[in-house]
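The values are calculated or read from the model by the stated rules, or taken from the named source; none is laboratory data. Since this is a predicted model, take the numbers as computed values, not measurements. Quick reminder, even Gly has a Cβ in these numbers, built from the backbone with ideal geometry, and neighbours come from all protein chains shown. What goes into the accessible areas is simple: the full protein's heavy atoms, side chains included, and nothing from ligands, DNA or RNA. Shrake-Rupley method; radii C 1.70, N 1.55, O 1.52, S 1.80 Å.
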2 protein chains.
Amino acid sequence: LGQLILVGLGLNDDAGISLCGLQEVKNADNVFIELYTNLMPDFSAKRLEDAARRELTTVTRKQLEEENGQIILQAARNGRTVLLVPGDPLIATTHVNLRIEAKKHGIQTRVVHGASIISAAIGLSGLHNYKFGRTVTIPFPDQNPSETPYTAILQNKQQGLHTLCLLDINAEQQRYLTVRDALAALQNTETRRKQGIIVPDTLIVGVSRAGSDNPTVKAAMLKDAFNLDFGGPPQTLIFPGRLHFTEADALITLADAPKDLRKIAE
Amino acid sequence: LGQLILVGLGLNDDAGISLCGLQEVKNADNVFIELYTNLMPDFSAKRLEDAARRELTTVTRKQLEEENGQIILQAARNGRTVLLVPGDPLIATTHVNLRIEAKKHGIQTRVVHGASIISAAIGLSGLHNYKFGRTVTIPFPDQNPSETPYTAILQNKQQGLHTLCLLDINAEQQRYLTVRDALAALQNTETRRKQGIIVPDTLIVGVSRAGSDNPTVKAAMLKDAFNLDFGGPPQTLIFPGRLHFTEADALITLADAPKDLRKIAE
């Protein structure tokens, strides 16, 4: 009887939802929305409410995580219930957990996918998707310092692979880790680990506001990267591994990389 | 003056496009569409034309690859031009190449993202995104046999990482590699490479028709996987690495994995 439909909002604003996702909102008995797992800088709940002619009920991190989404599950037991989430649902483990809980309560679940920062950032960089190793999140160094990102970049580089680094966000505090602070944190780890992967000549690619009308995509050597202006959040950081010459070409043409990059490409 | 806007169609059907993408189609002077880089089984060009009140011009693989998209670039030099593509643009290198060509011709480019099989398949599996190693495409064994997929699965497994395997498609011949044929090809490689990664007790997850109303997501041991019915294409195959217990739980609850999976999880 009950049904829970997870609908991805895509990136950046309220027009990132698919036609199919909007239809689900219109058809639902209850519509919840969470906006803390990712930042959508130009999102207006009001505009989406107007487009769907429905009211949206915002759920907090506490309601979704500490209270295991009870408010949503209760609604879903009694009717068609939509949860709107930034990006593509199920990339955040919170949404997978909610789906498992729903299934265990006998509630049918469905997913309407949306654009994700994962494929968007990879695509905007011009680097080849199949050459990315594992993705890692760089946490705020003052809240949750970790050497995991350094290790992931190192292991990927050893195989010639690129690393996509998502940068931590804390929506409640409106704090968003920047490319600059992420690089500083990694330099700090380099002084301890000394593997020579975060050095002045390390190539980096920064991507900010993917999905907006004015995303910034810039490639530079680390020593020059601190002077780049990536504008507002959200930001993402990529460490390229070995470059195919078409990838070097893409970085030079699309991301203002230094032209001598062609020399180190294969 | 000229402008090229790459718009992602998302997954499965004509309602996978974002509100923003549809608006770009409405505002464009010229609208092209390519449907050969990915299969969208329930897509209707007619329905999209009706929704946008615009005619779509289909471009072929030959026009986009052998002729370097000249027909699109020519249109984009003289007006606002949209190219509609399945999934998220720029995941296919063809679209990156077109973007580079456009930039070199002084044509402004923009991207409207769409849902991608990459995040959709990972999400539907319930496995953790940050535990996926590099993605690989399994080619048709009779057209382009390759040991690269085997090597990628092996290298990922050695690090405890999952592997997402995209399965080859040939839209012109309407051929789509199935989970079953992909497994058979990998078994074949196993007889030569003998690393013990494609054996009867290897856990696999198959995902078909991601983005549709009835995706199939099933986890099983290889020896049982040949009896599973994944229905029609497109299909995707995942080889899990080490499993966190919440991932085992997800596979059991959401993908009918055998219950004793919990024993091998961490």
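Overview of results
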| read-out | value |
| --- | --- |
| Ascending list, in nanometres, of distances separating the B:Gln70 label from those of the other copies (7 Å, Cα toward Cβ) | 6.8 |
| Entries of B:Lys26/B:Lys104; B:Lys62/B:Lys223; A:Lys218/B:Lys218; A:Lys103/B:Lys131 with Cα pairs more than 31 Å apart | B:Lys62/B:Lys223; A:Lys218/B:Lys218 |
| Per-copy distances of the A:Gly160 label point, shortest first, in nm (7 angstrom along Cα→Cβ) | 2.7 |
| Relative intensity, log₁₀ I(q)/I(0), of the stretch B:80-197 from a Debye sum that treats every alpha carbon as a point, q = 0.16, 0.20, 0.23 Å⁻¹ | -0.92, -1.18, -1.34 |
| Average accessible surface area per residue within the protein assembly as shown, 1.4 Å rolling probe, Å² | 41 Å² |
| Hz values of 3J(HN,Hα) by residue in the stretch A:150-165 - Karplus curve (6.51, -1.76, 1.60), Gly and Pro given as x | 4, 4, 5, 4, 4, 4, 5, 4, 4, 9, x, 8, 7, 10, 8, 10 |
| Per-residue ³J(HN,Hα) for the stretch B:104-114, Karplus 6.51 cos²θ - 1.76 cosθ + 1.60, θ = phi - 60°, Hz, x for Gly and Pro | 5, 8, x, 8, 5, 10, 9, 10, 10, 6, x |
| Cα radius of gyration and Dmax for the stretch B:1-68 (Å) | 12.0, 36 |
| Antiparallel %, DSSP beta bridges [both residues in the protein assembly as shown], to 5 | 45 percent |
| Under-5 Å amide H pairs with A:Thr202, H placed in peptide plane, nonlocal only | A:Leu222, A:Lys223 |
| Kirkwood Rh (inverse of mean 1/r, distinct Cα pairs), the protein assembly as shown, angstrom | 23.5 Å |
| Drop in accessible area of at least 30 Å² in the complex versus isolated chain, residues of the stretch B:111-160, 1.4 Å probe | B:His113, B:Ala115, B:Ile118, B:Ser119, B:Gly123, B:Leu124, B:Asn129, B:Tyr130, B:Arg134, B:Thr135, B:Gln159 |
| Heavy-atom accessible surface of the protein assembly as shown: percent carbon and sulfur, 1.4 Å | 46 percent |
| Residues B:Glu66 and B:His105, FRET efficiency given R0 of 22 Å [Cβ-Cβ distance, rounded to 0.05] | 0.75 |
| Buried solvent-accessible surface, both chains (A, B), 1.4 Å probe, Å² to nearest 100 | 4100 Å² |
| For A:91-97, mean number of other protein chain Cβ atoms within 10 Å | 5 |
| Max mean-square fluctuation residue, GNM over chain B, Cα-Cα springs under 10 Å, options B:Pro240, B:Pro141, B:Pro149 | B:Pro141 |
| Share of pairwise Cα separations in chain A, more than 33 Å, in percent | 28 percent |
| Average beta carbon contacts from partner chains per residue of A:7-14, 10 Å cutoff | 4 |
| Distance from the stretch A:139-195 to the stretch B:137-183 (C-alpha centre basis), Å | 31 Å |
| For B:Glu147, inter-copy label distances in nm, listed shortest first [label point 7 Å out on the Cα-Cβ vector] | 3.5 |
